[in-house]
Structure formats: C-alpha cells, structure tokens
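The values are calculated or read from the model by the stated rules, or taken from the named source; none is laboratory data. Worth saying up front: this structure is predicted, and the values here are computed from it rather than measured. Backbone-built Cβ (ideal geometry, glycine too); neighbour counts: all protein chains shown. In case anyone asks, the SASA skips ligands and DNA or RNA and just uses the protein heavy atoms, side chains included. Shrake-Rupley method; radii C 1.70, N 1.55, O 1.52, S 1.80 Å.
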Amino acid sequence: MKRSILALAGAALLAAGAMAGPVQRGTLSPDGRFSVSGTLATKTATVAPQKAATRAGTYTMAYCGEPTDGGLYLTNAQLNKSIVYIGQEFRASDLRNLVGSKIVGIKIASPSNGNGGNQCVNISAWLTKDLKERITQVDAKLSTTEHAWNTIMFETPYEIPENPESIYGGFYFRVPATECYYIVVDGIPTPETVNNGIAGLGTGNAFPADFANGGGFSSLYGSICIQLIVEGDNLPVDMASPSAIEIPQITPGQKSAYKLTVANRGSNAIESVTIETALTNATSTQEIKLDKALESGMNTVITVPFTSETAYLGNLTSTITKVNGKVNVYSVKSTSAILTCYAEGFKRVTVMEDATGTWCMWCPYAIVLTEMANENYPDRIIPIAVHYNDQMACQSYSDWYTAMQFTGSVPYYIFNRMISGGAYRNYYDKMGKYLDDVMALFGDESYCKVEFAEAAGSGNNNEIYVETNTTFSVNTEIPHNITYVVLEDNVGPYTQQNAYAGGANGKMGGFENKDQKIEGYMYNDVARYIDKYPGNSFPNKIEANNPLNSWENIAVKNVKGDDMRVVAIVTNAITGEIVNAAQKSLKKSGVQNVIDSENAVSVYGGNGEVIVKGSDNAEVYTLDGRRASTTGLASGLYIVRAAGKTFKVMVK
C-alpha cells in the first residue's frame, strides 16, 4: 500500500515533491489519476531461508520496483549547500544466498526536477556495513533524464563473507541550486522493521548521525530505487517474492481475479510462476505463464483468477510456490490482504481527516478541497479539520498523528485513513476530478453501516451521550472498532496564513484574491475531541445483519459555541481503513430529544425532568437500576422505558 505526504511547507524532515509521490493504497499522478496498488493493507510473510539452486554470472539484487511519479526531498536541506545521503538496506538473510560472490556495482535511479530532467548529476556511490565506515566508494555522474537507471561500477568490489551482515548501498551529493525531488521511491511499502529507505544530512566525510534510526524515512513510501550488482559462481537462480497485491471487491460466485506484483529475486529470467491462493475456506493452485520473461531484479504485475463461492470478509493469502517450475526458496514468498465478498451492501460515507493550522501558508489548499467535498458530496464525505499547533489544536488526536506517521508537515489530509495528500501549486482546476477519483476508488457501498440510535445534549455538563447501532452484511472474524469525533462549525475569528495571495501559486478558490495574512477567518469542521482512538472493539465474531449496539459519554468541554456534530466512525482494525461513518447535529446548550420514529415516541431530557410524548406509560431508572420519577431529577443520565423501547437521556 502507499501513502502520499505532498507537503510544500512545514517543519517535517521528509516532504514529497509537488508533482506527485507515493500514496497509501494508490498512486496519484500529476493529472489526478489513481492507479491502485492495493484496496486494503497487505501483510507479508517471512519464512526461514532455504538453500537456492545457483549458477555463475551477474545478478541484480533489488527490493525496489520502478520509480513512481515525482519523488521526495528533505525540507531541512539548504539549496546549493547541504550534502544529502540516500541509501537502502540489503538484508543479511538475503546475502546468505550470495556468500562468496562479489558486489561489483550499484544501480541508482536519477532524481527528478518535476519536468522530465535531473540536475543532481555529480554523486559519490558507497557501500557500508555499519553506516559509519565505507567499504568502498566511487565518484560518478547520473543521467540528466529523470528516473533513468544508472549503472555505476565500484573500483574495489566487496566479497560477501560467511555469515554476512546487512549491507547498505547508496550515494551522496550536494543539493542543487533549484528545487529537486532527489529521493526516488517505488511507492510500495516495506515492513516497518526494514530500512529500505534511509535519508539524512551529512558531510562529504561523515554519514548522517540519524542514519542508524532510519533517517526519518517512512516505510510507507516504499523502497528507494537503488540496486546492487553482484557477480559470482553461486548466484541464486529461480526465486521470486510478491511486493504488492490488489484485490477487488466481489460478490459470491463471481469469477474474478486479483493483481499480484512479482519481483524477480534470482539471477534467471522468470518465465512462469505457480501461485497458491488461500482463503479460510478454500485453496487453489495454478501455474501462470508470463507474457514476457522477467529479468533479474525487475517487477511485473500478473493476474491471478479466483472465485469465492460464499460471502466472505477475511484474509486472502497469495504464495509464489514455484518459479520456472522449481520450488521457490526465497525468504519472503507470501503476501495477504483482506477480501471483501458480499451480495448486498450499504451506502458508504467517506471521512476526510485534515491536519491543518492557521500558521500554515499552504493550508488554504485543504480548506478549498474541504469546501469542494461539502459541495460536491454533501451526504457522502464528512470532513474533519484536525488543527495542529494553533488555537484550535485537538490534543486527543495525538494517537492519530502517531498512527498516520504524521511528520508535522501540513496540510496533510487523508481519506478513510487510506488515500492521503498535501498541497499543490497551480492545481485548482484538477481538484474536483481528484475528489471524483478518490470517491470512485472507495465506491458507493460498504459491508457495514452505522446509525445513531440516540443522542442527548448535556446542557452545561460538558458531556454528551451517544448511542449507535452497527450492522454488517457478512459474517467475519476480522476485528473492527468504533469511535466518535466531536466537531464544531463557525469557530474563530483567527488569522490564516495564505501562500496563494496574489495568484503567484495559481488559483485557489478565491484565496488568490485574499491577503497573505487573512484576518478574521472563520473555520468549519473543527475537531474538538476524538474518543479512544482507534476506538472500542466489536466482538471477535461478527454476525451478518445482527446490529451491534455501542454507547459512550463524550466530552464536549472544548466546544465553544452552541452548534456541534458527532461523527461515528467504524474502522477495520487490521487495515486501519474507515469502512463507514455517520454524523448527527446537536446543540450544546439545547435539550436534545430522542425519537423512535417507528412508534412515534419522543423522549426529552429537560431541566430536572424527563418528558415523554407518544406514550402514557413511561418508567424512569437511574443507571444503577433504581426507579425514579419523571420530575425532580438530579442532572445526569437516565434510562427511560416507553412503548416497549428503552432510551437513554441526559437531564440538566
């Protein structure tokens, strides 16, 4: 899966180029197109390495795929001054298959200037075992064509010893005088424990001090496009691993297919692979012939047919069991993702969470995108503005920042915690199409729905009570969570910084006609509180069409005005994806009623009393089960039984 943090400003170590970058669960190109690398998060299985068949020759050792559009850069690097180090780890477990062979060179993809070229030309390529001392190093020149592969041979090859340690290969250079996206990545995430991308500032004589901690590089960007060239007499021949999987949503009995990205980890070209596809209730195996032989170190996407005869919400595991008819002994040969298969679903509502700030000059981009979402998809997108380091900062969202690997660079918006982005220059005319693409990616339906059963205002008690029912259309043992977010509109006035003032960075929904400092700006969709991120868990076994009841008392003390909304969010606990949501408007100071529309019964919590309309026989109880009157009540939450229904109401 992929993530994009396309920030143009902020204090983050890493920021992506304005053209495009790797995005979580899909790739966003400059013209707004998405290509999906996976509909849900993948999980890759690692097994103990086995001895591979070998041959003599040359082998490309690689974890990366082809470069994705755009790239990344270090925001703390000064133009024409700083020295940047970029590298990648090559694991000891994989080097064991190459003992006695020699690393003779390195392949590096040229950076991008965002316009087809590359001005990062003069570099020094290196190998190291400890990110401190160089094993070998050579000066070289890179192609001036963006993302072109460059083959650089070391003057002193490195022989891989018995019991090898991990090797890091990379290069360093002086940052050019103009903006350049010099961290070239493939956008296919790696396990968090693997340094498939390290970047940092150093000197010509010393590696970056923070290199050993990953250099601030997020595994969700994928692998940096660096490969090693190995020569020897015992090179592994027929090995492959899966690097990405895309599984469509299907209906029971539907003949379908998923897409699997296969990486050649051996020295022989691959002409066929045998794939085992396993669901909880079924397994199938088939040999797939490649249309074109896959050379060493390269990736290709294959189509694997499959069918689920019954409704299913669970893991689909894909394993490359054979390569060219021989047993695949590579250490990573399986990957899995969640298959969603059901006959009928529910209307899907998408959540757009946006990390923003009044101090952020590029954040008007996300404000305009939010306004478009409200206008174009008023009942299908719920925007949530998560303010960061300003007067509206929401401290309860701190766990969300951590989970999203938020770097502090804003705006950072993410749809359903899956598709993310930042700010662009000269992009206003494409923003509507961008939203359409996002919504098309998620689709109109979900396998679950969440509905508000009750909601009660709290008066001045700084707390509200909400209750929801969540229904699934399919049985599942995939864990899910539910949480609630309190939003407030018409917040302010505050001063908003604006990089689009004067039109220097293109049109932006009228912000080009506003000042660089916009005084008296009012804000909507402001997050005031999130309850228990990522939320409370549903039962381990979920039954189809059996509503799951959830309720919570939620703090609203940070709501300054009278108008607020509560958003109920259901997430897949494995992938983190928001699978559906709903919202309800409330008044902080007003008394809210609870309505059972089917039986026309209304229950109100008032000042010291409970008011029931539509039923003559109502019983009021305290939360500990004591019978109470309908009047003369202390403030708090009460249970009311009327017309065969049970309600919970808040009394002021």
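Overview of results
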{"read-out": "Amide H within-cut-off set for Arg348, under 5 Å, with H built and near neighbours excluded", "value": "Glu445, Ser446"}
{"read-out": "Per residue solvent-accessible surface (Å²) - region 398-475, probe of 1.4 Å", "value": "31"}
{"read-out": "Karplus 3J(HN,Hα) series, Hz, for region 107-119 with 6.51 cos²θ - 1.76 cosθ + 1.60 (x for Gly, Pro)", "value": "10, 10, 7, 5, x, 10, 9, x, 9, x, x, 8, 9"}
{"read-out": "Nonlocal amide H pairs with Glu577, under 5 Å, H built at 1.01 Å", "value": "Asn572"}
{"read-out": "Added length on full extension, which subtracts the Cα-Cα distance from 0.36 nm per residue, Leu623 to Ala403", "value": "75.7 nm"}
{"read-out": "Partners for Lys517 among aspartates and glutamates (Cα-Cα distance below 16 Å; same-chain residues under 8 apart left out)", "value": "Asp390"}
{"read-out": "Principal-axis tilt of helix 364-376 within the chain, Cα atoms, nearest 10 degrees", "value": "60"}
{"read-out": "HN-Hα J in Hz across region 248-256 - Karplus 6.51, -1.76, 1.60, θ = phi - 60°, x for Gly and Pro", "value": "x, 7, 9, 10, x, x, 6, 6, 9"}
{"read-out": "Within-10-Å neighbourhood charge of Val466 [Cβ basis; K, R +1; D, E -1]", "value": "-2"}
{"read-out": "Rounded percent of accessible protein surface that carbon and sulfur make up, the chain, 1.4 Å probe", "value": "45"}
{"read-out": "Pairwise centroid distance, computed over Cα atoms, of region 401-458 with region 545-592, Å", "value": "17"}
{"read-out": "Whole-Å distance, taken between Cα centres, linking region 295-371 and region 468-534", "value": "26"}
{"read-out": "Probe 1.4 Å, protein heavy atoms only - accessible area per residue of region 517-652 in square angstrom", "value": "49"}
{"read-out": "Where labels lie 7 Å past Cα in the beta-carbon direction, separation of Asn545 and Ala440 in nm", "value": "3.4"}
{"read-out": "Environment charge of Phe173, counting only residues whose C-beta is closer than 13 Å and scoring Lys/Arg +1, Asp/Glu -1", "value": "+2"}
{"read-out": "Antiparallel %, DSSP beta bridges [both residues in region 330-437], to 5", "value": "50"}
{"read-out": "Per-residue HN-Hα couplings for region 439-451 [Karplus 6.51, -1.76, 1.60; θ = phi - 60°; Hz; x = Gly/Pro]", "value": "5, 5, 4, 7, x, 8, 10, 9, 7, 9, 9, 10, 10"}
{"read-out": "Neighbour net charge for Val104 - beta-carbon separation under 14 angstrom, K R +1, D E -1", "value": "-2"}
{"read-out": "Beta bridge orientation in region 105-174: antiparallel %, DSSP, nearest 5", "value": "100"}
{"read-out": "Kirkwood hydrodynamic radius of the chain, from inverse mean 1/r over distinct Cα pairs, in Å", "value": "27.0"}
